[in-house]
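Here's the structure, in structure tokens; my notes come after.
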Amino acid sequence: MELFDTLSAQIRHMRLPLFAVSLSAVPFPDTPLLLMLHWHGFRQSETGHAGANKTTFRQVPASALQLTRRWNTLSLVEEEILDAAWQLGAWSLLRDERRGCNTMGAAAGEELACRQAFGDLPPVDGLESVVAEVPDSPELMRLAARRGYVSWQFRPVHGGVWRELAEDDTLSAEGLRQPPCPLAPRACRGGKAARTEYRFGRIERIIL
């Protein structure tokens, strides 16, 4: 429930719609988790020299938070993000298991994916694309590059941009679902690259 409460507090604080949520972990007990919130919205930004300032709009940076808590198996982490995705109205939750990118034959895209998973996003037009509160991010990234990592992603309906598009008979009017989540964590593949999808949504009526 703690992850759901953290996300709900961020939604109330930012007062912006969420595009997606991701959570990344290296497969070692009690290591910090990295939570990313990708916002949909623009804010004014002044550019230019004094006397010739021009107001432009820029994408709101993503938020990266370090979650430090005790856990001994990835299934405990997955149980918590399953609960958060279920309650926030996501249609599905994706789990990506990725190998370490510091291996022979690893593609450049694997390194980029690892950096992005742990909050190292490139600047956009010279401005930061993520606001991070993750003091252990560099060490987590190095560990993930050597030993692999797991990343979960979902798109919330409650507090998200998908509210008006959601065709899902399991949701309340606010885009929420009542706990507990009916799905249980599935075993990871153990260091092999793999993708697992948990489907929550359901449509029981005929859409014309």
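Here are some notes:
- Meets criteria (modelled with pLDDT of 90 or more and closer than 30 Å to Glu167 by Cβ) for Phe19: yes
- With respect to the conditions (1) modelled with pLDDT under 95; (2) part of a loop (DSSP other than H, G, I, E, B); (3) open to solvent by less than 70 Å² (accessible area, probe 1.4 Å); (4) under 18 Å from Ser22 (Cβ atoms), Thr103 lacks only one, and its number is (4).
- Meets criteria (open to solvent by 40 Å² or more (accessible area, probe 1.4 Å), in a loop (DSSP other than H, G, I, E, B), without any contact (Cβ under 8 Å) to a residue 60 or more places away in the chain and under 25 Å from Asp30 (Cα atoms)) for Asp120: yes
- Test set (1) outside any loop (DSSP other than H, G, I, E, B); (2) modelled with pLDDT of 95 or more - Asp30 fails condition number: (1)
- Restricting Ala132, Ala145, Ala84 to residues that are open to solvent by less than 20 Å² (accessible area, probe 1.4 Å), of a type in the set (Gly, Ala, Ser), touching a residue at least 60 places away in the same chain (Cβ under 8 Å) and at negative phi narrows the list to Ala84.
- From the list Glu139, Glu110, the lone residue that is without any contact (Cβ under 8 Å) to a residue 12 or more places away in the chain and in a helix (DSSP H, G or I) is Glu139.
- Qualifying residue in region 149-165 (condition: open to solvent by 20 Å² or more (accessible area, probe 1.4 Å), among the β-branched types (Val, Ile, Thr) and within 15 Å of the chain's Cα centre (by Cα)): yes
The values are calculated or read from the model by the stated rules, or taken from the named source; none is laboratory data. Computed from a prediction, not measured in an experiment: that's the story for all the values here. Virtual Cβ from ideal backbone geometry, glycine too; neighbours counted across all protein chains shown. We work out accessible area using only protein heavy atoms, side chains counted, and drop any ligands, DNA or RNA first. Shrake-Rupley method; radii C 1.70, N 1.55, O 1.52, S 1.80 Å.
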